[in-house]
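Read through the structure below, which is laid out as structure tokens, and then see the notes.
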Amino acid sequence: MRVLTSKTATSFFLGILFSLFPYDYPLLWTSSPCPPEAFQNLENHLTFLYNSPPIITRILHIVIGTGLLGFFIKLYRPSESNKLFDGASLMLYMCGVIIYLSNIVKGMKAINDGDYNTELVEGELAVGVNGGEAGKEAPLGRDDNLKVMAASNTILALVLVGVLVLQAGQWYAERKDEQEMDKARASKAANGEGREGGIGFEEGKRINSQSPQKSITMNQSKSRSVQRKTAEAVVAAFNDMDVEAILSHRNEQCMRTFLPTSMGLVPQDNATYYSSLKALKAIFKNFSLTINELVEDKEARRICLWLSAKADTMAGLYVNEYMWLLDFDSKGKISSSKEFSDSIMERDFFPKLKAAMVKQQAQTAGGRDANGRS
């Protein structure tokens, strides 16, 4: 819809200008002298248009506004294509609006009043007309005024054609981009690689709800690397909160590093990581980890995961996002892991969780004391 509004408005105005072309043609586009009746025909026609019912003018201005609205909508949160093509189209369209207001409306008023000696179409002073000296206000006569009107229509038509050319160029550029993307996707699908080194959101959800062995077909498993299978298995183990399975995918020298460093968290070896996971298992209930994006560098044996996490805690719902950068050894085990998390969530949530745990421990201790006294 937003694509059609600007093109429809532009085409509408070009249709109006085309209907004026038979009147303008004898004045500008023939080498033979212009017959007097051609001036009279154009004058009569423009006078008739100027005195048309108000509804005609309102419809014209509504269409002008619709064209502007279409460009403004297309430029809301624009892509690079919108900035280049629609931005230039809007500039040309505004030039057309300015020509309409400054030349055509003013000229039609002068023709309707028949007061050619006092009305002057703006822009003619600098060049001089009727033999007048340039820079002095020499008024236009009837014939020259009508020729200026015809020339204004021609300029406006060229401007509006430029708008349509830019819109056609945008359509062609976007179509070529889509064709190139379709070819790239078809090529990768033929090679069995899927989506450019990664898996999408829907596939990520499938991996989280099933074990990797069940969710991957025979053909897909042949194209997936060992490290990708390991990364998917780690996510599945987190969803089961199987601490032993999570650690089984890490080699003995693997270190866990927390980022950004401004969080001030100390890196963990496997033993420390095991203790942390055991503590988290007791605190986080119904923990779920969802893969939003997976990008792999097979040659470097490196995988980057964008993950979303949810869990129930005594302090309320825990929601966070992680970025894991995993490096693998030649056997497909994780040799190092760098983990980015939402530091604002970490800063705000864990103090609440700690306070809730302290409160629960105090209530538990109070209950024990009461039972002991009784």
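The values are calculated or read from the model by the stated rules, or taken from the named source; none is laboratory data. In this text the structure is predicted, and so the values were computed from the model without any measurement. Counting neighbours? That spans all protein chains shown, and the Cβs are built from the backbone with ideal geometry, glycine included. Calculation scope for accessible area: heavy atoms of the full protein, side chains included, ligands and nucleic acids excluded. Shrake-Rupley method; radii C 1.70, N 1.55, O 1.52, S 1.80 Å.
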*Of the residues Ala300, Ala311, which is of a type outside the set (Lys, Arg) and assigned to a loop (DSSP other than H, G, I, E, B)?*
Ala300
*Is it the case that segment 175-197 has a residue that's modelled with pLDDT under 50, surrounded by 13 or more Cβ atoms within 10 Å (Cβ to Cβ) and touching a strand residue (DSSP E or B) at 6+ places or on another chain (Cβ under 6 Å)?*
yes
*asked:* Take the residues in segment 22-32 that are closer than 21 Å to Ala157 by Cα and without any contact (Cβ under 8 Å) to a residue 60 or more places away in the chain; name whichever of them is most open to solvent (accessible area, probe 1.4 Å).
replied: Trp29
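When the residues of segment 153-171 are narrowed to those that are of a type outside the set (Val, Ile, Thr) and closer than 15 Å to Phe18 by Cβ, which ends up most open to solvent (accessible area, probe 1.4 Å)?
If we take residues in segment 153-171 being of a type outside the set (Val, Ile, Thr) and closer than 15 Å to Phe18 by Cβ, then Leu158 is most open to solvent (accessible area, probe 1.4 Å).
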*Pick from Pro54, Pro35: which is farther than 17 Å from Leu146 by Cα, out of contact with any Gly (no Cβ under 7 Å at 6 or more places or on another chain), open to solvent by less than 90 Å² (accessible area, probe 1.4 Å) and free of Cβ contacts under 8 Å to residues at least 60 places away in the same chain?*
Pro54
*Could you run through segment 325-345 and say how many residues are of a type outside the set (A, V, I, L, M), in a strand (DSSP E or B) and touching a residue at least 60 places away in the same chain (Cβ under 8 Å)?*
8
*Filter segment 297-309 down to residues that are touching a residue at least 24 places away in the same chain (Cβ under 8 Å) and closer than 20 Å to Ser343 by Cα and give me whichever is surrounded by the fewest Cβ atoms within 10 Å (Cβ to Cβ).*
Leu307
*Which numbered condition trips up Glu346, out of (1) at pLDDT 75 or above; (2) of a type in the set (D, E, K, R); (3) surrounded by 14 or more Cβ atoms within 10 Å (Cβ to Cβ)?*
(1)
*Out of Gly204, Gly123, which single residue is modelled with pLDDT under 80 and part of a helix (DSSP H, G or I)?*
Gly204
*Report whether or not Ser341 is in contact with a Cys (Cβ under 8 Å, 6 or more places away or on another chain) and among the small types (Gly, Ala, Ser).*
no
*asked:* Where the second residue is of a type outside the set (D, E, K, R) and assigned to a helix (DSSP H, G or I) and the first is under 16 Å from Phe350 (Cβ atoms) and open to solvent by less than 60 Å² (accessible area, probe 1.4 Å) and lies in segment 263-275, which pairs have Cβ atoms under 6 Å and are six or more apart or on separate chains?
replied: Met263/Ser343
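Yes or no, residue by residue, for (1) within 32 Å of the chain's Cα centre (by Cα); (2) closer than 22 Å to Arg228 by Cα:
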| position | (1), (2) |
| --- | --- |
| Asn239 | no, yes |
| Asn251 | no, yes |
| Cys254 | no, yes |
| Leu265 | no, no |
| Asn270 | no, yes |
| Leu280 | no, no |
| Phe284 | no, no |
| Thr290 | yes, yes |
| Glu296 | yes, yes |
*Residues Ser102, Ser89: which one is closer than 16 Å to Val161 by Cα and either outside any helix (DSSP H, G or I) or polar (S, T, N, Q) (or both)?*
Ser89
*Test Leu294 against the stated conditions and say whether it is of a type in the set (A, V, I, L, M), surrounded by fewer than 18 Cβ atoms within 10 Å (Cβ to Cβ) and either assigned to a strand (DSSP E or B) or at pLDDT below 90 (or both).*
no
*Cross-chain or 6+ apart pairs with Cβ under 7 Å, segment 276-294 first and more than 16 Å from Trp324 (Cα to Cα), then hydroxyl-bearing (Ser, Thr, Tyr)*: Ile283/Thr313; Phe284/Thr313; Phe284/Tyr318
